Number of protein chains: 2
Amino acid sequence: MKDRKKTIAGLKPLPQQGRSEQVIKALAKFIDRQKMVPGDRLPPERDLAEALGVARTSIREAVSQLAALGILEPRIGSGTFLLRTITSDTVYMPLSLDTDGLEDLLLKALEVRRGIEVEASIAAAKRRTEEDLHRMEAALLHMESLFKPEGGSGPADLAFHLSIYDAAHNPLFRQLLEQFRDLFQRFWTRPYGRPDFASNSFPYHRTLFEAIRDQDPHKAEQETRKLLNSVEDDIRMMKP
Amino acid sequence: MKDRKKTIAGLKPLPQQGRSEQVIKALAKFIDRQKMVPGDRLPPERDLAEALGVARTSIREAVSQLAALGILEPRIGSGTFLLRTITSDTVYMPLSLDTDGLEDLLLKALEVRRGIEVEASIAAAKRRTEEDLHRMEAALLHMESLFKPEGGSGPADLAFHLSIYDAAHNPLFRQLLEQFRDLFQRFWTRPYGRPDFASNSFPYHRTLFEAIRDQDPHKAEQETRKLLNSVEDDIRMMKP
DNA sequence: TTTGGTAATAGGTCTGACCAATTTGAAGGA
DNA sequence: TCCTTCAAATTGGTCAGACCTATTACCAAA
């Protein structure tokens, strides 16, 4: 097989890169330069198109992709808003889960989530700073102060766990686990008349905090497993 | 506030909102129904637009988003091709990371991957059947029979790990870990002149197999950690 | 058989228009 | 003054048609 590539010396391979890709780069640089934070609004598509010298179609293509990646959120009539900050060096790694025909989706998803959650606790125990500790403790105390312990759900519980993810100092943990929690919230039909549902995991929150405070990765793993095993029991008991 | 909507009885309000979302659903159903596999080509955008009764813009919007998620790959002049199969029930969890370089990206991704991989090994140790065991052993023997141990890369190594994921009897493990491996393959630039690269993890493959064979979840976790810690060392050593 | 060119195919971009939801702000009434 | 009401401006969503560029298929000539 002869090599038909005619690589003539001194001839550029020709840029050829697509418009929408360039626009994404430009938007990323703009967001970075403007120090935009989540919640900020981007300029209108028409203005961006004119400023970059491209058609609105190309702007929309780029915005559409960034929206699919969870970076931007266009709202009709309001504008396009930033959900997560990015820079020109941001790397995207989209994951997808096929839940079709998956029985016991919650249990199977929880198993994967447990692995990630355990690793996050281990990382938090290794890397937590004093500042992380303060935030975790504040969230824990607020959660414990509520009359009815919320256990495995509710904003106070969420805040505590988010503080752990942040203490791991690996943003992937928070991003992934937030989406796993969304998945649970979407398929979790909380049984009526049981306000104490998913509260068995309550005591493990403090022991987990203590493990991370003491920088004991092994104990952090154990307590996280106890916590999630308790959630697993609740899911199993939920079934009709 | 009066209702000015002229809702004529018998006329459907027609969800004009979210065309691209509808198109994505339709495409997912189509791909599912046609039993398309990675590498297959989708119908031309113009045909899809006509078939669905929407403008090509809406088709492009949907394709653009699916491309950003790594599902489709449009090639100029050739057509749009399927990279990963999806169904109507696929959930997407895109991640993004601002990295301080390649090493940082790989280490952060490996940390998450380790959590999932550990949990998969534990599940495999608990649930593996005799049949799983046969497949795992065959893959292990084939891998060991190669003159140069491949260690953390290569098709033989991949086959062994896939057999473990399957032995966990939770399809989410394989789905997620395959995508993590894709990521590593994409950014992992194997250094020249080091054919034995990433081979330090080689001996742990057998010990991991034995742990799963003996249905020892704790040992399976330990061996998996050793294996991935070895990979971590390789990444750290990768620096120029 | 190989080469070279032409037409058909298919994604990429552009233009301009209109639709629908939201926001804004001024007119009007309590 | 304060609030309601409503029309206009703003902004993202969709549509239509055209043209460009890259790829592929096919056919004719050497």
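The values are calculated or read from the model by the stated rules, or taken from the named source; none is laboratory data. Computed from a predicted model, the values in this text were never measured in an experiment. All Cβ positions, even for glycine, are placed from backbone atoms using ideal geometry, and neighbour counts span all protein chains on display.
Test A:LYS12 against the criterion of being modelled with pLDDT under 95 and of a type outside the set (Gly, Ala, Ser), and give yes or no.
Taking the combined requirement at face value, the residue satisfies it.
Just to confirm my filter: which strands (runs of 3 or more DSSP E) fall fully inside region A:62-142 and include at least 1 residues that are more than 30 Å from A:ILE31 (Cβ to Cβ)?
Those strands (runs of 3 or more DSSP E) span A:90-98.
Can you report the number of residues in region A:67-83 which are within 11 Å of DNA strand D (Cβ to nearest atom) and buried (at least 19 other Cβ atoms within 10 Å of the Cβ)?
Adding up the residues that qualify gives 3.
Can B:ARG128 be described as free of Cβ contacts under 8 Å to residues at least 40 places away in the same chain and either more than 14 Å from DNA strand C (Cβ to nearest atom) or not assigned by TED's automatic domain parsing to the domain that holds B:ARG225 (or both)?
no
Just to be sure, is B:ARG186 assigned to a helix (DSSP H, G or I), modelled with pLDDT of 80 or more, within 12 Å of chain A (Cβ to nearest Cβ) and farther than 30 Å from A:ASP104 by Cα?
Yes; evaluated as a whole, the condition is true for this residue.
Name the single residue, out of those in region B:98-119 being buried (at least 17 other Cβ atoms within 10 Å of the Cβ) and without any contact (Cβ under 8 Å) to a residue 12 or more places away in the chain, that is nearest to the other protein chains (Cβ to nearest Cβ).
B:GLY115
Which pairs have Cβ atoms under 9 Å, sit 6 or more apart or on different chains, and link a residue in region B:67-90 that is in contact (Cβ under 8 Å) with a residue 60 or more places away in the chain to one that is among the polar types (S, T, N, Q) and part of a loop (DSSP other than H, G, I, E, B)?
Going by the 9 Å Cβ cut-off, the qualifying pairs are B:THR90/A:THR99.
Looking at B:LYS126, B:LYS148 in this structure, which one is farther than 21 Å from A:PRO94 by Cβ and either modelled with pLDDT under 95 or within 16 Å of the chain's Cα centre (by Cα) (or both)?
So the residue among B:LYS126, B:LYS148 that is farther than 21 Å from A:PRO94 by Cβ and either modelled with pLDDT under 95 or within 16 Å of the chain's Cα centre (by Cα) (or both) is B:LYS148.
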